[in-house]
Amino acid sequence: MTKVRVRFAPSPTGPLHIGGARSALFNYLFARGEGGDFILRMEDTDRERSSAASEEDIKRSLLWLGIEWNEGVDIGGPHAPYKQMERLQTYEEAAQKLIETGHAYYCYCSPQELEAAREQMQAQGQTPRYNGVCRGLSGEGRRAKEAEGRKPVIRFRVSDGAEAAFDDLVRGKVVFSGAEIGGDFVIMKSDGIPTYNFAVVVDDHLMQISHVVRAEEHLSNTPKQLLLYDALGWERPLFAHVSLILGEDKSKMSKRHGSVSVTAYQAEGYLPQALVNFLALLGWSPEDGREIFSLQELERQFSLDRVCKSPAVFDIKKLRWLNGQYLRALPQAEIAAALRPFLTGDWPEERLLLLAETLANHLEVFADVKKFLPLMEAGPYEITGEEELFILRQTHVKELLRRFGERLAVLEDFSPAAIKELIKETGKQCGVKGAALFMPLRVALTASCHGPDIDKLTALMGKGLALTRLEGAEKYL
Ligand code: GLU
């Protein structure tokens, strides 16, 4: 069997998009699982929209996710260069081959002429396509056009009645009629830069790509590419078109649905392990319905035949949940370090570690820390919840708060352990334990009956604030 060789071939015209990251991941996982190669190629032929900054973002984001390529830009390999703009000569040679075999020809039609022909066809109710003016141009005809100063493009000849069919590894048999393929299409522009459909075929062939795994939006390009493979006498690779990613409203995922770039998720405090796990489940499902996978586990389990045909829905709640799972498994020092960018003011190391310990089980993403900070800072404080007010109005609460406050005021070691001990002792003194002891204290100190451990929270808020709140709670009793 031929060696599995796959590629991710982004156009560096923007940051790495979630959809692109998913394509890269599927290619990477498939290659790893099959002992194959994963290649990173930059399709930078769109001179206006390509940028070095986008290329950097794409590479950096892939590496952040743990997706490493073993051949391609930066690291090189047997088929270098891996940037299309550095391969122009290669496309020129392939285009010449097509001209020699009669599969392609020079076309001198100007944009205005093409537009006029298009409008005419539309007016006649026809689907616009190239009208074939330059199809049969003789050497003399060409020279005449060139004498007018026209610069030609190279067009691929789509024979009448052409049809293209292939077995997609995800979608099964796919057939395109001639009408769907359209007319003769441009493969080389007049500036010597190839079009996407042509460059991709030349590169995939020369780089010995065995499987083209890419987004469904390229499905309609595939028939053109198949005609090119056939005309060049090259063996076709296998294709797998992965379904679109939809937002929760079932329309195509876009900025309207939230962040779309990997970099944005990184900045929001998501973990790469969680994002990888989430992306893997966008369109692929394991046999046993498991949800948590490390990259290494995915490398072993992933298979193209469990990639599903129907679109995947981007469920941000699921991503947050997964992130929470990974966040909880991190060592405290790592959580503490990751929280720092979301904090303002002075957070000495010890206090930061206590914050991490206190909140670890309550955060899904690091940015969630912001919701908890008001608990530890002086500010408006009101108890409004029905359940909370009910708890405070129990008859034993007045005495409990008073005694707790008295003891707290003289507590020297304001550590969670000492505070916990103090709560217990106060409970004994008042003859209460369990919820009857903890709940009123929690409500008085935090205005809520839910939240992180109260001894830790109290230590974080400090004695002054804790006493102010205990006092403030009295008016609700
Ligand atoms: N440069 C194309 C893109 O970014 C690659 C498509 C393909 O994988 O063939 O969409």
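Here are a few things to note about the model shown:
- The residue that is nearest to residue 88 (Cα to Cα), among those in the stretch 153-205 that are within 16 Å of the ligand (Cβ to nearest atom) and of a type in the set (Gly, Ala, Ser), is 199.
- Of 31, 24, all but one fail to be under 17 Å from residue 298 (Cβ atoms), more than 13 Å from the ligand (Cβ to nearest atom), part of a helix (DSSP H, G or I) and in contact with a strand residue (DSSP E or B) (Cβ under 7 Å, 6 or more places away or on another chain); the exception is 31.
- Any hit, the stretch 147-154, residues being over 30 Å from residue 240 (Cα atoms), out of contact with any Gly (no Cβ under 8 Å at 6 or more places or on another chain), hydrophobic (A, V, I, L, M, F, W, C) and at pLDDT 95 or above: yes
- Contact map, the stretch 21-38: first residue at negative phi, second residue assigned to a helix (DSSP H, G or I) and within 13 Å of the ligand (Cβ to nearest atom), Cβ cut-off under 8 Å, separation 6 or more or different chains; pairs are 38/27.
- Checklist (1) in contact (Cβ under 8 Å) with a residue 24 or more places away in the chain; (2) closer than 21 Å to residue 11 by Cβ applied to residue 169, failing item: (2)
A quick yes/no check of all residues on (1) of a type in the set (A, V, I, L, M); (2) over 21 Å from residue 469 (Cβ atoms); (3) in a helix (DSSP H, G or I):
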site	(1), (2), (3)
333	yes, yes, yes
337	yes, yes, yes
346	no, yes, no
358	no, no, yes
381	no, no, no
408	yes, no, yes
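- When each of 231, 240 is tested for being part of a strand (DSSP E or B) and closer than 30 Å to residue 162 by Cα, the lone residue that passes is 240.
- Residue pairs meeting the criteria (Cβ under 6 Å; at least 6 apart or on separate chains; first modelled with pLDDT of 95 or more, in the stretch 311-323; second of a type outside the set (Phe, Trp, Tyr) and in a helix (DSSP H, G or I)): 322/274; 322/277; 323/274
- Test: residue in the stretch 295-311 that is surrounded by 14 or more Cβ atoms within 10 Å (Cβ to Cβ) and at positive phi: no
- Residue selection: residue 402 fails the criterion of being in a helix (DSSP H, G or I), surrounded by 18 or more Cβ atoms within 10 Å (Cβ to Cβ) and without any contact (Cβ under 8 Å) to a residue 24 or more places away in the chain.
- Total residues in the stretch 141-157 satisfying the condition of being touching a helix residue (DSSP H, G or I) at 6+ places or on another chain (Cβ under 8 Å) and not aliphatic (A, V, I, L, M): the figure is 2.
- Breaking point among (1) over 30 Å from residue 285 (Cβ atoms); (2) under 21 Å from the mean Cα position of the chain (by Cα); (3) more than 13 Å from the ligand (Cβ to nearest atom); (4) small (Gly, Ala, Ser), for residue 76: (2)
- The residues of the stretch 208-231 that are more than 25 Å from the chain's Cα centre (by Cα) and within 12 Å of the ligand (Cβ to nearest atom), listed by number, are 224, 225.
- The stretch 243-293 - residue that is among the aromatic types (Phe, Trp, Tyr) and assigned to a loop (DSSP other than H, G, I, E, B) and, of those, surrounded by the most Cβ atoms within 10 Å (Cβ to Cβ): 270
- Between 92, 115, 86, the distinction of being within 40 Å of the chain's Cα centre (by Cα), at pLDDT 95 or above and more than 18 Å from residue 202 (Cα to Cα) belongs to 115 only.
- Set 237, 194: member being within 15 Å of residue 7 (Cβ to Cβ), touching a Ser or Thr at 6+ places or on another chain (Cβ under 7 Å) and not acidic (Asp, Glu): 237
- Neighbours by Cβ (under 7 Å, 6+ apart or cross-chain): first from the stretch 377-394, at pLDDT below 95; second among the basic types (Lys, Arg): 381/469
- Number of the exception - residue 118 against (1) under 30 Å from residue 303 (Cβ atoms); (2) away from the ligand (no atom under 16 Å from the Cβ); (3) charged (D, E, K, R); (4) assigned to a helix (DSSP H, G or I): (1)
- Test: residue in the stretch 211-219 that is in contact with a Leu (Cβ under 7 Å, 6 or more places away or on another chain), free of Cβ contacts under 8 Å to residues at least 24 places away in the same chain and in a strand (DSSP E or B): no
- The residues on offer are 45, 13, and the sole one that is within 25 Å of residue 229 (Cβ to Cβ), in contact with a helix residue (DSSP H, G or I) (Cβ under 9 Å, 6 or more places away or on another chain) and within 14 Å of the ligand (Cβ to nearest atom) is 45.
The values are calculated or read from the model by the stated rules, or taken from the named source; none is laboratory data. Keep in mind that what you see is a predicted model, and the values were worked out from it rather than measured. Glycine also receives a Cβ, built like all others from the backbone with ideal geometry; neighbour counts cover every protein chain displayed.
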